[in-house]
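Laboratory data are not the source of any read-out in this text; all were calculated from the coordinates shown. The structure displayed is predicted, hence computed values, not measured ones. Backbone-built Cβ (ideal geometry, glycine too); neighbour counts: all protein chains shown.
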Amino acid sequence: MARASRPAGLERLCVVLVATRNPLNIGAAARAMSNFGFATLRVVNPFDPSYREARSAVGASSVLESAEQFSSVADAVADCSLVIGTTAATRRDLQHRLYTLAAGAPLLRKSLASGRVALLFGSEKTGLRNEDLTHCHWLLRIPTRTQQPSMNIGQAVAICLYELVRSAAPAAKPEKQKPATAGETERISLLLFDLLKASGYLGRRPGITDLEKLRRLVRRMNLSAPDAATWQGILRKIAWKMETGNAPKS
């Protein structure tokens with residue numbers, strides 16, 4: 001199966017990890033980026049500089065190798081026209097507009113069409129600090145249960161990027177098939193009626209009411225022309241087996 005082409009504009013997204021403490025979490029974030037086709041990783045004051053060798057970055061070594069390191073959030077987002085922070089939104093008085101991931105992803109996607117966007121993730125221990133948030137235009141929240149509001153950084157990055165790709169992917173167009181004609185569905189109804197009559201399912205004296213019920217049942221199936229032809233073939237084969245006495249006995 002051919003893979004869908006990567007939606008345009010996503011290359012302008014910068015994933016920015018601020019004061020991340022565990023190199024494995026940086027590696028997990030890089031792996032998620034590689035999974036969904038994002039390449040620009042920026043780290044601000046990582047606690048352990050050995051993140052470039054993180055074993056958790058399976059298949060994402062190129063993302064880690066090209067990661068840019070900054071000493072401040074201001075420098076990391078200087079070339080971005082939109083800066084979005086992520087937060088669990090607990091125990092702090094937020095001064096920003098807060099969106100859930102489902103509501104914010106389309107807005108972020110729209111901004112990527114015209115400029116570079118930074119998506120910030122804070123440290124494992126404290127999240128983004130208030131000073132970090134002052135660089136943000138608005139905030140994004142992944143809905144989680146109240147008892148466990150925070151997420152692992154790698155998981156949070158993966159969920160956010162998946163939502164961006166998912167919301168950007170064009171909806172699959174259903175395959176258009178020619179609908180069955182009234183004549184085709186009527187032939188199916190009559191074939192089915194004859195079979196049910198021969199099998200005894202309709203009783204000894206099947207009448208017009210039984211045929212009308214079958215006709216309505218077949219109409220509700222909304223068959224396409226190819227499917228109608230298949231059903232006619234199936235029913236005719238069953239009828240032939242019954243007539244020749246080759247039908248399996250119960």
Open item on the list: Can you list residues from other chains, or at least 5 along the same chain, whose modelled amide H is less than 5 Å from the amide H of ALA60?
Closed with: none
Task: Potential lengthening between HIS137 and LYS213 on full extension [0.36 nm per residue; Cα-Cα distance subtracted] - done: 21.2 nm
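If r is the Cβ-Cβ distance from THR126 to SER66 and R0 is 25 Å, what FRET efficiency results, to the nearest 0.05? Please report the intermediate quantities before stating the final value.
Values: r = 27 Å, r/R0 = 1.09.
Efficiency computed from Cβ-Cβ geometry: 0.35.
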Task: Nitroxide proxy distance, nm - points 7 Å out along Cα→Cβ at LEU196 and ASN45 - done: 7.6
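Viscosity 1.567 mPa s, temperature 4 °C: what is the translational diffusion coefficient of segment 182-244 from Stokes-Einstein with a Kirkwood Rh over Cα pairs, rounded to a whole number of µm²/s? Provide the component values of the computation, followed by the final result.
Working: Rh = 12.0 Å.
My calculation gives 108 µm²/s for D.
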- [ ] Please give, to one decimal in nm, the separation of the simple spin-label points placed at LYS237 and LYS178, each 7 Å out from Cα toward the Cβ.
- [x] 2.3
- [ ] May I ask which residue of LEU202, ALA229, ALA182 lies farthest towards the positive end of the charge dipole of segment 182-244, with charges of +1 (Lys, Arg) and -1 (Asp, Glu) on Cβ and the Cα centre as origin?
- [x] LEU202
- [ ] Scan around THR86 for amide H atoms under 5 Å from its own, H built in the peptide plane at 1.01 Å from N, and keep only partners 5 or more places away or cross-chain.
- [x] LEU120, GLY122, LEU140
Open item on the list: Report the Cα-based extents of segment 11-168 along its three principal axes, largest first, to the nearest Å.
Closed with: 36, 33, 30
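Hey, with R₀ at 25 Å, roughly what FRET efficiency would GLN147 and HIS96 work out to, going by the Cβ-Cβ distance, to 0.05? Each step should come with its number before you reach the end.
Numbers: r = 25 Å, r/R0 = 0.98.
Plugging the Cβ-Cβ distance into 1/(1 + (r/R0)^6) gives 0.55.
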Task: PHE70 long-range amide H proximity, modeled H, under 5 Å - done: VAL43, VAL44, ASN45
